[in-house]
Amino acid sequence: MKLSGLSEESLEAIKAVRWDRIIEKHEGPYTWASTLEWYDPEFMMIEGRAVLLPVEQSRHGNTTILRTIWSADGNSLTLFLKDTTYGDDWFMSGYIAVCDRMANHDFYLAILYHEWFIIEPSTVLENDSN
């Protein structure tokens, strides 16, 4: 899926959405209209689903999906990402995104995109009742 392949109605629906960010001490909310203007975003395919994040498509090759958490109904997605475009340390490369499926569309759109200090996943013991 490509942004250029979307109908004008779909693009207008995306532009109307606001998203929140905290990156380099700059806080949102921002509009997707301005994001489409300032950046060169493109859909990423994540587990077979199209997801639009507020980052330049040139960064996709430097981005690793560390963890995906889908809602029970499949309409929301939480992502933990590592983007090594500007550095590979845990302090500079971690991001978390919360994405919602756009109504009447077959793609997901970020509604939150924040810096995240990469923390190793915790060990969860099966059948631990304590």
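Just so it is clear, none of the values below were taken in a lab; they were calculated from the coordinates. Since the model is a prediction, treat every value here as computed from it, not as a measurement. Neighbour counts are summed over all protein chains in view; Cβ atoms, including those assigned to glycine, are modelled from backbone coordinates with ideal geometry.
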Counting only DSSP beta bridges with both residues in the chain, what percent are antiparallel, rounded to the nearest 5? 85
Using unit Cβ charges (K, R positive; D, E negative) and no other charged atoms, how large, in debye to the nearest 20, is the dipole of segment 1-57 about its Cα centre? 140
Within 11 Å, Cβ to Cβ, of residue 33, how many net charges do the neighbouring residues add up to if Lys/Arg are +1 and Asp/Glu are -1? 0
Relative to the Cα centre, what is the charge dipole magnitude of the chain, using +1 at the beta carbon of each Lys and Arg, -1 at the beta carbon of each Asp and Glu, and rounding to the nearest 20 debye? 100
Taking the mean number of other Cβ atoms within 10 Å as a proxy for protection, how do you rank 96-109, 70-83 from highest to lowest? 96-109, 70-83
When a/c reaches 1.5 or more, the comparison of a/b and b/c decides; with that in mind, is segment 3-115 rounded, prolate or oblate per its Cα gyration tensor? prolate
Could you work out how much longer the chain between residue 115 and residue 37 gets when fully extended? Use 0.36 nm per residue separation minus the Cα distance between them, nm to one decimal. 25.9 nm
